[in-house]
Amino acid sequence: MYEIRFHGRGGQGAVLASKILAKALVEEGKSVKAIPSFGFERRGAPVAAFLRFDDKVIRQTTNIYHPNCIICLDPTLPRSVDIFSGMNPKGIWVQATKKSLDQLAFPSTVSRVGLCDAFGIALEIFGRAITNSIMLGAFAKTTGMVSVDSVCKGMESVAFRDAALDKNIQAVHRGYEETKVFDINGQEVS
């Protein structure tokens with residue numbers, strides 16, 4: 001079973017991103033559980049969402065405490081929240097940031113990193129910092145676990161207006177194209 005934890009701030013769409021990715025993975029024949037995390041969150045407050053997938057049926061519906069992958073939708077969040085808590089060895093980290101790899105701190109459990117200036121892209125496309133669809137494209141490129149086409153099909157199943165759907169599909173593609181992927185040794189993969 002592969003487990004993903006999304007970190008973001010209220011209003012950035014972390015829960016919606018997990019739902020869209022779940023639909024994309026189902027499109028590719030996986031068994032999926034997306035678990036939203038709701039509490040007293042408000043716009044701008046740290047939030048988390050959880051997703052697990054496998055080739056066989058999943059019964060477990062708990063939060064994810066030892067993720068294989070962390071997707072962080074906000075570049076400031078790692079300074080205030082320990083997003084790496086419990087991360088499995090050889091984990092994958094997909095981060096919204098315009099910083100370079102050598103400007104970031106991360107634990108030795110991380111084996112691959114995907115970096116994307118999702119805020120910059122979001123401001124160009126949407127006019128505000130909603131990074132979820134961009135980061136789904138970044139996840140697709142960093143991991144290769146889901147295709148961009150499946151992510152776009154997952155988007156189509158969410159209730160977007162036509163103009164919003166077009167912008168979100170554009171955002172997924174930009175996230176995929178503009179993400180830089182690095183192995184733990186700092187070598188750029190793509």
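The values are calculated or read from the model by the stated rules, or taken from the named source; none is laboratory data. Note that the coordinates shown come from a computational prediction; the quantities given were computed from them, not determined experimentally. With ideal geometry, Cβ positions are generated from the backbone for all residues, glycine too; neighbour counts draw on all protein chains shown.
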Between a residue in region 11-35 that is within 13 Å of residue 135 (Cβ to Cβ) and without any contact (Cβ under 8 Å) to a residue 24 or more places away in the chain and any residue that is among the small types (Gly, Ala, Ser) and surrounded by fewer than 24 Cβ atoms within 10 Å (Cβ to Cβ), which pairs come within a Cβ distance under 8 Å, given they are 6 or more apart or on different chains? none
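Being without any contact (Cβ under 8 Å) to a residue 40 or more places away in the chain and either surrounded by fewer than 15 Cβ atoms within 10 Å (Cβ to Cβ) or at negative phi (or both) is the requirement here; does residue 118 meet it? Lay out the reasoning, then the answer.
Working: without any contact (Cβ under 8 Å) to a residue 40 or more places away in the chain: no; either surrounded by fewer than 15 Cβ atoms within 10 Å (Cβ to Cβ) or at negative phi (or both): yes.
Answer is no for this residue.
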Residue 48 - would you say it is closer than 25 Å to residue 164 by Cα and either hydrophobic (A, V, I, L, M, F, W, C) or surrounded by 12 or more Cβ atoms within 10 Å (Cβ to Cβ) (or both)? yes
Give the number of residues within region 29-84 that are assigned to a loop (DSSP other than H, G, I, E, B) and either more than 30 Å from residue 123 (Cα to Cα) or in contact with a helix residue (DSSP H, G or I) (Cβ under 9 Å, 6 or more places away or on another chain) (or both). 21
Could we say that residue 65 is of a type in the set (Phe, Trp, Tyr) and either at pLDDT 95 or above or under 16 Å from the mean Cα position of the chain (by Cα) (or both) here? no
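Evaluate the following for residue 83: is it over 16 Å from residue 134 (Cβ atoms) and surrounded by 19 or more Cβ atoms within 10 Å (Cβ to Cβ)? Explain how you work it out, then say what you get.
Working: over 16 Å from residue 134 (Cβ atoms): yes; surrounded by 19 or more Cβ atoms within 10 Å (Cβ to Cβ): yes.
Answer is yes for this residue.
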Out of all the residues in region 105-113, is one or more basic (Lys, Arg), touching a Lys or Arg at 6+ places or on another chain (Cβ under 9 Å), surrounded by fewer than 19 Cβ atoms within 10 Å (Cβ to Cβ) and under 19 Å from residue 21 (Cα atoms)? no
Looking at region 87-95, can you tell me whether even one residue there is surrounded by 14 or more Cβ atoms within 10 Å (Cβ to Cβ), of a type in the set (A, V, I, L, M), at pLDDT 95 or above and touching a Phe, Trp or Tyr at 6+ places or on another chain (Cβ under 6 Å)? yes
First in region 147-168 and surrounded by 18 or more Cβ atoms within 10 Å (Cβ to Cβ), second anywhere and modelled with pLDDT under 90 and not hydroxyl-bearing (Ser, Thr, Tyr), Cβ under 7 Å, 6 or more apart: 155/165; 168/155; 168/160
